[in-house]
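Worksheet: one structure, shown below.
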Amino acid sequence: MSTYQDPSNERDALLAALQEQTDLLNAHPEEADIISKVMDDLEVQLAAFGEEGAHDDQAALSPILEMFTSPQLQTDGFSCLPSPGGEAGDSDTDTDMDYRDSDEDELNDHLRERFCSHKCDHESCRLANEHCNIMASATGVPQEHPQTIEAREDEPLLGGPGAVTQRDSEHIYRNLIKGTAAVAQCGILILAALIWAGIFSHPLIFFSAHPLLNSSAILLQVQAALILQPTATPQQKLLGTRIHYSLQAFSLAAFVTAFIIIEINKGDHPRLTSPHAIFGLITYICIILQALLGLVQYFFPVTILGSVDAGKRLYKYHRHFGYSLLVLELATVAAATQTTYNVNVLHIPLWGVLVAAVFIVAGVGARIKKHKLGF
C-alpha cells in the first residue's frame, strides 16, 4: 500500500493538530514553552501551503470572528447569552488563545475548534454551528482528524518526496521504517556491517574503537532523523524531538570519544596527512557546531538569543546543516577506505561504502519536507 499523502490531506492533518494544542497544554502545563514551539512549527508548515488557502479560510471564518468578538460575547472564553430560562450555556477559558492572542491565524483555529464544537440552545450558537458546517464543506477545513490515507493507483509505492506523515493511530517507532526509511535503514546497516566486519575480522587494538564508535554514531544520527521527519501533531513532535535529541546526545558522545581515541593513537605522528584526516577534522568541528546550534535554539532561546522567536528562526538552518553534515560524514567514511591501514589491513571496499551511502542519502532525502527547509 502506498504511503503517499496528498497536500490537502496533510494540510487537514496539520489543522487538526493545531486544534489539539489546548488539550496538550492542559495535560502538560509545565511544558508550555516547548509545546508552543511545536505549534509555531505547525503554523509555518500550514503557511507553506500557499497564501490563497489561508485567505480562503480567513474569509470563511470572518462571519464567526465578527459574531464572537461583538460586545455581547466575552472574548477571553466562550460565554453564551442568557437563555430564556435564565441559565447560561457551557463556558470555559481558552488558555492557548490567551497565550498566543496576538496571532490572528491562531485565533481563527481557536474559534473553529471552540465554536464549531460548542453545543447550546441559544440562537447565536445554533447559527454559528450551521455556519461552521457550511464552512467545513466549502473550504475543506476538517471537522475530525483524518484516520486513513487514501492512495491513488498511479502513486509511487513509497510515496512522493516528503509525503510520509505519521498517523494518529501509529506508534512513533514506525517512523523508522515508513516509506523510504526502509531504504535508509538498509544503507546504514550495510555500512555498519562493512566496518564492523572489517574490524572484528582482525585482532582488536586501541585504534579499533575509532571506526566502531564513528560508525555507531552515524547509525544513531540516521535513526534520530528518521524518527522525527514524519511527525505532524504537537504530541508526536514533542515525543519525536525528545527521542531525536536523546539519540543525538549518544551520537555526540560517540563522536567525541572517537576523536579522543584517534588523537591519543596518533601520538607524535604527523596529522592531517590524508584526505580522510582533513575531512575528519572538518566533520568533527561541524558536529560540535550543529550540536551547539540545536542546544541553543531548543533549550536556551530566551537566555542566549533573547526570545523564543529568535530560536525558531534557526530551525530551518539546523535542518539544512544536519542533512549536509550527514553527507559530509559519509564522504569522510568513503575517504577512510583509501587510508594505508584500510588498504593493507581492513580491506573495507570503497564501492560498498558508496552503495551504502547512496541508500542512506536517498532514503533520508526522499522524506524531507521542503517547507521545513524554508522552500
*State whether one or more residues within the stretch 247-255 are within 24 Å of GLN45 (Cβ to Cβ), surrounded by fewer than 22 Cβ atoms within 10 Å (Cβ to Cβ) and touching a helix residue (DSSP H, G or I) at 6+ places or on another chain (Cβ under 9 Å).*
yes
Across the stretch 306-347, the tally of residues that are out of contact with any helix residue (DSSP H, G or I) (no Cβ under 8 Å at 6 or more places or on another chain) and not in a helix (DSSP H, G or I) stands at 2
In the set LEU354, LEU350, LEU326, the lone residue that is in contact (Cβ under 8 Å) with a residue 24 or more places away in the chain and either under 30 Å from HIS210 (Cα atoms) or out of contact with any Gly (no Cβ under 6 Å at 6 or more places or on another chain) (or both) is LEU326
Of the listed residues (LEU295, LEU289, LEU305), the one being within 20 Å of LEU238 (Cα to Cα) and open to solvent by 40 Å² or more (accessible area, probe 1.4 Å) is LEU295
Checklist entry - Is the stretch 222-242 home to any residue that is touching an Asp or Glu at 6+ places or on another chain (Cβ under 9 Å) and at pLDDT 95 or above? => result no
Restricted to the stretch 308-337 and to residues being more than 13 Å from ILE218 (Cβ to Cβ) and of a type in the set (D, E, K, R), the residue surrounded by the fewest Cβ atoms within 10 Å (Cβ to Cβ) is ASP309
Does LEU204 count as open to solvent by 30 Å² or more (accessible area, probe 1.4 Å), among the hydrophobic types (A, V, I, L, M, F, W, C), within 26 Å of VAL333 (Cβ to Cβ) and touching a Phe, Trp or Tyr at 6+ places or on another chain (Cβ under 6 Å)?
no
Right, LEU212: open to solvent by less than 50 Å² (accessible area, probe 1.4 Å) and within 29 Å of the chain's Cα centre (by Cα) or not? yes
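The values are calculated or read from the model by the stated rules, or taken from the named source; none is laboratory data. As the structure is a computational prediction, the values presented were derived from the model and not from experiment. Reconstructed Cβ throughout: ideal geometry from the backbone, glycine too, with neighbour counts over all protein chains shown. Accessible surface areas use protein heavy atoms only, side chains included; no ligands, DNA or RNA. Shrake-Rupley method; radii C 1.70, N 1.55, O 1.52, S 1.80 Å.
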